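Below: one structure, written as structure tokens.
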Amino acid sequence: MLRQTSLGSLGLTVGGILTIVGFYAYFSGNPTLNLVGFFYGIPLLLGGLALKVSELKPIPYTQPTAPEVVALREEQATITQNQIRKDITRYRYGQDAHLDSSLSHLSLSPTDEERPLITGIRETATDGAYTLIIDFYSPLIPLQSWEEKHQKMTSFFGPGVQVEIKQPKKDAIELALITTSESKN
């Protein structure tokens, strides 16, 4: 639940209410509420504003996950697959883009302007194996550059994960992280 709640919006809302109550109390001569509004409301309002400015929204699922795939995830998903799924489907703060440090490590993000952006995520099954598919908008990094990093991606995403790269349409890349038999129990 908290993963899907914007802390910036929450801070702005609570801080705004307390600040308004503080100003109302100030003009109506109520010093106790006045202090609450000024000492708690304004800092919460400013904190919420700061979080809202640095907020990175969750990546949406491009299709609903079938119950069979959820069962496969619980049985087969690696720690890395779960971490990626949880990280990109929640609000993040202070980052430029989802998986920005991972893309930099893989040399797929030479500059902020060239960095591929995640547009969606979905979970499927590939030959009975749990598969996490991440969709990227990658107009400046061609498929060939992604394919050159295939071996590096396979070792980066850890043991028990096979990486497949596809280009379903121009400027789009699908990165499939497929659980392999070595990670299955």
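To the nearest ten degrees, helix 79-88 and the longest principal axis of the Cα atoms of the chain are 40 degrees apart.
Under 5 Å between amide hydrogens, built in the peptide plane, is the criterion, and for ILE59 it picks out THR89, ARG90 among residues at least 5 positions away or on other chains. Our helix-only sum for the chain, with -39,500 (n - 2.57) per DSSP H run of n ≥ 4 divided by its residues, gives a mean residue ellipticity at 222 nm of -12500 deg cm²/dmol. In this structure VAL21 has an accessible area near 50 Å², from a 1.4 Å probe over the protein heavy atoms.
Counting protein heavy atoms only, the chain has 60 percent of its accessible area on carbon and sulfur, 1.4 angstrom probe. Among ALA25, ALA66, GLY47, which residue has its Cα furthest toward the positive end of the charge dipole of the chain, with +1 on Lys/Arg Cβ and -1 on Asp/Glu Cβ? After comparing all options, I get ALA25. Along the range 115-128 the Karplus relation, 6.51 cos²θ - 1.76 cosθ + 1.60 evaluated at θ = phi - 60°, assigns HN-Hα couplings of 4, x, 10, 6, 10, x, 9, 8, 10, 9, 10, 10, 6, x Hz to successive residues, with x for each Gly and Pro.
Placing unit charges on the Cβ atoms only, positive for Lys and Arg and negative for Asp and Glu, gives the chain a dipole magnitude near 480 debye about its Cα centre. Backbone phi angles across the range 61-68, fed through the Karplus curve with coefficients 6.51, -1.76 and 1.60 (θ = phi - 60°), yield HN-Hα couplings of 6, 7, 8, x, 8, 5, x, 5 Hz in residue order; Gly and Pro are listed as x.
Of LYS149/LYS169; LYS52/LYS170; LYS57/LYS166, which sit over 23 Å apart, Cα to Cα? The answer is LYS52/LYS170; LYS57/LYS166. Overall, the anisotropy analysis places the range 14-103 in the prolate class: the square-rooted eigenvalues a ≥ b ≥ c of its C-alpha gyration tensor yield a/c not less than 1.5, with a/b exceeding b/c.
Any idea what the relative contact order of the range 90-179 is, in percent, if you count C-alpha pairs under 8 Å spaced at least 6 apart? All intermediate terms of the calculation are to be shown ahead of the outcome.
Values: 138 pairs, mean separation 22.7, N = 90.
Averaging sequence separation for qualifying contacts and normalising by length gives 25 percent for the range 90-179.
Under the simplified labelling scheme, the THR180-TYR40 pair shows an inter-label distance of 5.5 nm, with each label point 7 Å from Cα along Cα→Cβ. Scalar couplings 3J(HN,Hα) for the range 43-56, obtained by applying the Karplus form with A = 6.51, B = -1.76, C = 1.60 to θ = phi - 60°, are x, 5, 4, 5, x, x, 5, 5, 5, 5, 5, 9, 7, 10 Hz; x denotes Gly and Pro.
The values are calculated or read from the model by the stated rules, or taken from the named source; none is laboratory data. A quick note: this is a predicted structure, and the numbers were derived from the prediction, not measured. Methodologically, a virtual Cβ is constructed for each residue, glycine included, from the backbone with ideal geometry; neighbour enumeration extends over all protein chains shown. Only protein heavy atoms, including side chains, enter the accessible area calculation; ligands, DNA and RNA are left aside. Shrake-Rupley method; radii C 1.70, N 1.55, O 1.52, S 1.80 Å.
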